[in-house]
Structures are given as C-alpha cells and as structure tokens.
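What follows is one structure encoded as structure tokens, with my remarks underneath.
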Amino acid sequence: MMTDRIDLHLHSTCSDGTSEPEAVARNACAHGLKAISLTDHDCVDGVRAAMDAGETLGVEVIPGAELSTTFEGKDIHILAYFIDCARPGLLNYLQIFRDERQRRAERIVNRLNQLGVGLTLEAVMARAGDGAVGRPHIADALVEEGYVFSVSEAFQKYLGYNRPAYEQKYLLLPGDAVRLIHEAGGLACLAHPGIYNRDDLLPALVACGLDGIEAVHSKHTPEQVRRYEEFADLCGLLKTGGSDCHGSGRGEPTMGTVYVPYAFLERLRGAEVKGRST
Ligand code: AMP
Ligand code: FE
Ligand code: FE
Ligand code: ZN
C-alpha cells in the first residue's frame, strides 16, 4: 500500500550499503515508500539505476549523495539532493575523492600490517567491488579473516577515530561541499546532527550555507527529532529525514523504521525550483 512516507537517506553497494541500487528501490516499494533518495557516500554512480528502477516501480527517486567533510576534527556528512549528477565539477571532485579513498585504504592496510594483522589490500578492494572503498569494507574483511569477531570490534580495536589503524580522509570543508552541491544545482543538508554530539558547532555549520538539516534519522531519539525540527524552523532551514539504511548485510536494516512525511520533499522541491529560477 502506498503511503505518504518517504526516506531521503539510503545507501547501496555503490558505497558501503549491501543492496544494489535497483534493490534499494525495490525494498522501498515493498515498504510502501512514496519517494526515496539514494545518498551514497561520495558517489552518484547508483543514482541512474535507482531512478530507472523507481520509475518502473512507481517510487519517486531523488538524485542524492552524502559528502564527507571535516570540521573542527569531526567527520561531518553533508547530504546533497536534486544534484545534476552529470555536472563536471561534482564528478571531478568525486573522482579525486575516490582515488584518495583508495590511497587511504592502502595506508590503513599498511598500518594493520605493522600491527601484525595480515590483511591484504586485494581482500579489501574485493569487498568494495566497484564502489567507493571505506572503513566498513575493511571491517568486513577483518571479520571474514577472523581477526575480530564483529564490525564494531574492528572499529573499537583498529579503525575508529584515535585507534591505531585510523587514517583521516581527504579533507573537505563543509563550506566547500555546500559550494560543490550548489554548483551542481542541488540542495545541501546537514546529515544526522545527533550523531556528532556537538550541537555547539551547529551555528557555524549553518553559516556555511546549508539549505537544510536532517532532523529525522534512525539514530535520533524522539527528543532529538523534536529539537532539530525546532532548530530548523528557527533558522529557516528545510527539514529532511531518512533511515540511513545500509541494507540487510550491515546490522539491522532500518528502512521503514522512521517516519518522514512527503511534505518534507515538497518543501525541498519548492526550494530547488526557486533556486533554479533565480
Ligand atoms: P569511512 O567513510 O570510510 O570513514 O567510513 C565511515 C562509515 O563507517 C560510516 O558511514 C559508518 O557506516 C561506518 N562506521 C563508522 N564508525 C563505526 C563504528 N564504530 N561501528 C560500525 N560502523 C561504523
Ligand atoms: Fe555508511
Ligand atoms: Fe552519514
Ligand atoms: Zn549515510
């Protein structure tokens, strides 16, 4: 049954999700979602396939991405919506970022080797496939090869911030991400503010030119959802929301567990159309 529910934060195998882009659209249809956005980490490769599948299934698919940035030593994610995925500026940047991710994976594997963990880059890259390689792929390889019991242990012991195999990603400032997104005709929204535990950074982040903020997220408590919705209204920001589901192969799949109304998307679209005409 079709509802007015949407989900604007979903990952596929094009980054660290475990469902193909088409399968993400199929799952969304099975959950009765009216619209979704595919927001892979630093990658738009799955957008076309998800949109084509969505068209067949009657699920609206909004082109999206989740850009990794760094601010005050924190990993801050910026969601992009309604981007033109063929815009050279954005594509060039994503290619540079992907190459950098590969070099970072190499550095992490080197560190692990120095720590006595005999993981190979090939094993990691095999897990990433054609997608942008990230720490979750390395964590999976560590579990698979018996070095740790779980992905969370892999992060605790080796890959997490300040752990011995931690390597920083290519540094992009939030303001630069916002510019890239705007140049590609899209809207820039702060992803999952509740995860950062740094609400003190919010005013500076908003000042980077954000259009919206992800008030609804599967890791936000109802109290946080209310607080971020209020914050958005107060600052004149758009509200977005999504499950951040990474598929059934990565913990509990969260698609369908958050309530995001279609009205959020209508307001986003209104802002996007306004942006286009100015
Ligand atoms: P990367 O972009 O390579 O730095 O990887 C970041 C991704 O790793 C996040 O989007 C999460 O999916 C995952 N992640 C980060 N920290 C943890 C953790 N402590 N346990 C499990 N997954 C994590
Ligand atoms: Fe992820
Ligand atoms: Fe994120
Ligand atoms: Zn995400």
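Compare ILE213, ILE181, ILE96 in a GNM of the chain, Cα atoms joined below 10 Å, and give the one with the largest fluctuation.
Top of the fluctuation ranking is ILE96.
With r defined as the distance between the Cβ atoms of ALA126 and ALA204 and R0 fixed at 35 Å, what FRET efficiency is calculated, to the nearest 0.05? Don't skip to the answer; put the middle values down first.
Working: r = 40 Å, r/R0 = 1.15.
For R0 = 35 Å, the calculated efficiency reads 0.30.
Take the Cβ-Cβ distance between TYR262 and GLU230 as r, set R0 to 30 Å, and report the resulting FRET efficiency rounded to the nearest 0.05. It would help to have the intermediate numbers written out before the result.
On the way: r = 21 Å, r/R0 = 0.70.
Calculated transfer efficiency: 0.90.
Estimate the FRET efficiency between ASP52 and ARG179 by the formula 1/(1 + (r/R0)^6), using the beta-carbon distance for r and 30 Å for R0, to the nearest 0.05.
Working: r = 29 Å, r/R0 = 0.98.
So, using R0 = 30 Å, E works out to roughly 0.55.
Return the percentage of antiparallel bridges among DSSP beta bridges fully within the chain, rounded to the nearest 5 %.
Working: 13 of 29 bridges.
Percentage antiparallel, nearest 5: 45.
Sum -39500 (n - 2.57) across every DSSP H segment of at least 4 residues in the chain, then divide by the residue count to get the 222 nm mean residue ellipticity, nearest 500.
On the way: 11 runs with 119 residues, N = 278.
Using -39500 (n - 2.57) per qualifying helix, the result is -13000 deg cm²/dmol.
Which longest uninterrupted range of the chain lacks any GluC sites (Glu not before Pro) assigned by DSSP to a loop state (not H, G, I, E or B) and surrounded by at most 14 other Cβ atoms within 10 Å? Walk me through the numbers on the way to the answer.
Working: sites that count: GLU72, GLU145.
That gives 146-278 as the longest site-free run.
Over the Cα atoms of the chain, compute the convex hull volume and normalise it per residue, giving Å³.
Per residue, the Cα convex hull of the chain comes to 121 Å³.
What's the whole-number percent of alpha carbon pairs in segment 134-278 lying beyond 18 angstrom? All intermediate terms of the calculation are to be shown ahead of the outcome.
On the way: 6858 of 10440 pairs.
The share of Cα pairs beyond 18 Å in segment 134-278 comes to 66 percent.
What percent does the relative contact order of the chain come to when contacts are Cα pairs within less than 8 Å and at least six residues apart? Please report the intermediate quantities before stating the final value.
Details: 542 pairs, mean separation 60.5, N = 278.
For the chain, the relative contact order is 22 percent.
Per 0.36 nm of contour for each residue apart, how much would the distance between SER248 and ARG107 grow if the chain were fully extended, relative to their Cα-Cα spacing?
Working: separation 141, 0.36 × 141 = 50.76 nm, distance 2.87 nm.
Taking SER248 through ARG107 to full extension adds about 47.9 nm, to one decimal.
Contour minus end-to-end for ASP99 and GLU223, with contour as 0.36 nm per residue of separation and end-to-end as the Cα-Cα distance?
So the chain would gain 40.7 nm between ASP99 and GLU223.
At 7 Å along Cα-to-Cβ for each site, give me the label-to-label distance between GLN114 and LYS74 in nm.
2.9 nm
What is the extension gain from VAL143 to LEU91, computed as 0.36 nm multiplied by their sequence separation minus the C-alpha to C-alpha distance, in nm to one decimal?
Details: separation 52, 0.36 × 52 = 18.72 nm, distance 3.28 nm.
The VAL143-LEU91 span can extend by a further 15.4 nm.
Name the lysines eligible as straight-distance cross-link partners of LYS74: C-alpha to C-alpha under 20 Å, and not fewer than 8 places from it in the same chain.
Output for LYS74: LYS157, LYS169, LYS219.
Please identify every one of the chymotrypsin sites (Phe, Trp or Tyr not before Pro) in segment 239-270 that sits in a loop by DSSP and has no more than 15 other beta carbons within 10 Å of its own beta carbon. Write down the numbers at each step before the final one.
Working: sites: TYR259, TYR262, PHE264; in loops: TYR259.
Listed in order of number, the matching sites are TYR259.
Each value in this text was obtained by applying a stated rule to the coordinates, not by laboratory testing. Keep in mind it's a predicted model, so treat the numbers as computed, not measured. FYI the Cβ positions are ideal-geometry reconstructions off the backbone, even for glycines, and counts take in every protein chain you see.
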